[in-house]
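Q: Starting off with a structure, shown below.
What follows is calculated from the coordinates using simple rules that are stated; it is not laboratory data. Quick caveat, the model's predicted, so the values are computed rather than measured. So basically every Cβ, Gly included, is an ideal-geometry build from the backbone, and we count neighbours across all protein chains shown.
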Amino acid sequence: MKSWRVFLAGAGPVISNLMDSLGITGVLDSVVLWDERQCKLSVSAGVKAMIINILAGRTPLYNMGEFFQHQDMANLFGEGITFEDVTDDSLARGLDKIHEANPRKVISSALMTAIRQEGVEVDAIHGDTTSISVYGQYERDDELAVNDPAISIVLGHSKDHRPDLKQLKAGLFVTSEGIPVMGEALDGNMDDKTWSGRCIETLKKMEREFDRIDLDKITYVSDSALATKDNLQAIHKLERENGKKGLFFVTRLPATFRMEHNLIERAWEKDNWVELGKTSQAKDAAVYRSQIFIRAVNDVKYKLLVVHSSKLDGRKQKSITKRIEQLKVDLEKATKELEKQEYACRPDAEDGLKRFVKEHHNEFCDLAGEVVEVERNKKWGKPGRPPKDYVPEVERVYQVKCRIGETNGASVKKAFEQASCFVLITNRLSHEWDDRRILTEYKEQHSVETSFSFMKNPTYLDAIFLKKPERVEALTYVMILALFLHRILQRRVRKALAEEGSYVTVDGIKLKQPTGNRVLQLLKYTRVALVNDGEKEYRLLEDRSSKRTS
């Protein structure tokens, strides 16, 4: 007689299989200590449960047992594990164990193993930081904090626009596809420039620890926080010390370097642009052109790429327009004050006009003026009223009349054009890295930004609320692992569809390159039936979205 048990499946079995086949489960079991007598749920099983929940469950940690109540636990975690074993206490203990084992090293080992297994090419690494808001006080004893390896959860500049909440920060290194290579939890008040300087040594440490990383063949792409004189000097120092290339990089030159403005002006003077075309397939994508300059910073030569975009950022356009409007207001106010002044002689008035025009010279509005002679009766200079037969003396004074010209359209156009430019700096001086390749690699920086949007998406994980900073830190690394699996799932599906020349349909939309979220949405409707016919037990998988059974 057959017996049936039906479970919700969703993406759980796929995520579980990915973790096992990529070697992540094995790495966690080998490097994180676990005593089966104290906790039935292994650390790797706890991490797997959290990741399945992050990607497919979206349930608070304290309610995870309920999420797994209707799941095929044996298929996900092996025989003997039930949903009652997935408790907030067992998960919290697992996070503690990860922290004790050095979470950065644990997760980096898992990522490198999985990257090698998957065959992911790491020829460029994109890095950036973001803030993650948390609830709770997390008060720490200052004396104990000296030897405490946990991160500091404190108030800082919130990229979540939640200055009322304490936070930690996360630094992330990803490939151009958005696949994490390494990540790290950071103190909540760490600024980007400090992290950029520290990540230079972090990348060198990755090279020493993992054979998949060879900085001679990798280019590090970062935002402008990397481009400080100290950081550039540190990168050059690595090259001298190691006798190797040190660290190739591409980043944006910030406006804090006077060179940035000068190079943009020089590029417009030369007007020797190289057309690069689009870097995106979107119909309304910007068209780029560029000019190369070689310049020295701290006596080290760099290639600087002035890039002009056909699309001006709307915020910059508004800023320039507002600046011109404010300039006119300020000029009108200043000219009224000037015209109130009186001079005893014409030369003094002419000097006053010259000083005013020089002081208020600008590129948008021309200033012109003239000195006018004014005749008037001299005021009675003695006490009391003047006598009836008093004939006032006529005196001459000189005043300035100033005119504000019409807005110079050519200057406004030039301002818009220069605002549409930015400068990239790299130590890739070889010809193999031409203008287009430098720009294309920099534009891929969005891959780390979209990765952050995943980690901060409340659909996956709401604002973190755990009792100990060590657990918050460890959970941040679990989220990085979840992001990795999300991107690998997306990568595999896209690759398979490209090879087949096929597509998937989600919500009536045909997609050749579905996002990881869309893939998870497709898997959401699968169920598993565990069938026992008296002789053997087997599973049937049903896809409710297409009503297919296998």
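Q: Any idea what the dipole of the range 40-100 comes to, in debye rounded to 20, about its Cα centre with Lys/Arg Cβ at +1 and Asp/Glu Cβ at -1? Intermediate results must be reported in sequence, preceding the final value.
A: Values: 5 positive and 9 negative charges, 39 e Å.
Around 180 debye, computed over the range 40-100.
Q: Given H placed on each backbone N at 1.01 Å, which residues far from LYS166 in sequence or on other chains put an amide H within less than 5 Å of it?
A: Correct list: VAL134.
Q: Also, quick follow-up: Treating only the Cβ of Lys, Arg, Asp and Glu as charged (+1, +1, -1, -1), what charge dipole size does the range 347-434 show about its Cα centre? Round to the nearest 20 debye.
A: Numbers: 15 positive and 16 negative charges, 138 e Å.
That gives the range 347-434 a dipole magnitude of about 660 debye.
Q: Pull up all non-local amide H partners of ASN189: gap of 5 or more, or a different chain, and H-to-H distance under 5 Å with H placed in the peptide plane.
A: Hits under the 5 Å cutoff: VAL154.
Q: Would you kindly derive the ³J(HN,Hα) couplings of the range 347-356 from the backbone phi angles with the Karplus curve 6.51 cos²θ - 1.76 cosθ + 1.60 (θ = phi - 60°), listing them in order in whole Hz, with x for Gly and Pro?
A: x, 5, 5, 5, 5, x, 5, 4, 5, 5
Q: Given R₀ = 25 Å, what would the calculated FRET efficiency be for ASN102 paired with GLU79, taking r from the Cβ atoms and rounding to 0.05?
A: On the way: r = 31 Å, r/R0 = 1.25.
The calculated FRET efficiency here is 0.20.
Q: Ok, one more. First select every other residue whose beta carbon is under 13 angstrom from the beta carbon of SER90; then total the charges, Lys and Arg +1, Asp and Glu -1. Walk me through the numbers on the way to the answer.
A: Working: positive: LYS40, LYS48, ARG93, LYS97, ARG471; negative: ASP35, GLU36, GLU84, ASP85, ASP88, ASP89, ASP96.
Neighbour charge sum, excluding SER90 itself: -2.
Q: Of all GluC sites (Glu not before Pro) in the range 263-294, which ones are in loop regions per DSSP and have a Cβ with at most 10 other Cβ atoms within 10 Å?
A: Numbers: sites: GLU265, GLU269, GLU275; in loops: none.
Passing sites in the range 263-294 do not exist.
Q: Search the structure for amide H atoms under 5 Å from the amide H of SER176, placed 1.01 Å from N in the peptide plane, and list their residues when 5 or more places away or on another chain.
A: ALA124
Q: Next up: Filter the cross-link list LYS414/LYS510; LYS205/LYS278; LYS217/LYS270; LYS354/LYS378 down to pairs whose alpha-carbon distance in this structure exceeds 32 Å.
A: Details: LYS414/LYS510 44 Å; LYS205/LYS278 36 Å; LYS217/LYS270 34 Å; LYS354/LYS378 28 Å.
In this structure, LYS414/LYS510; LYS205/LYS278; LYS217/LYS270 lie more than 32 Å apart at Cα.
Q: Same structure, new question: Filter the trypsin sites (Lys or Arg not before Pro) in the range 37-132 to those in DSSP coil with at most 15 other Cβ atoms within 10 Å of their Cβ, and list the result.
A: ARG37, LYS40, ARG58
Q: Also: Among the chymotrypsin sites (Phe, Trp or Tyr not before Pro) within the range 372-461, which fall in a DSSP loop and have no more than 14 other Cβ atoms within 10 Å of their own Cβ?
A: On the way: sites: TRP380, TYR390, TYR398, PHE416, PHE422, TRP433, TYR442, PHE452, PHE454, TYR460; in loops: TRP380, TYR390, TRP433, TYR460.
Passing both the DSSP loop test and the Cβ count: TRP380, TYR390.
Q: Under a point-charge model restricted to the Cβ atoms of Lys and Arg (+1) and Asp and Glu (-1), what is the dipole moment magnitude of the range 303-345 relative to its Cα centre, in debye to the nearest 20?
A: The dipole of the range 303-345 has a size of about 520 debye.
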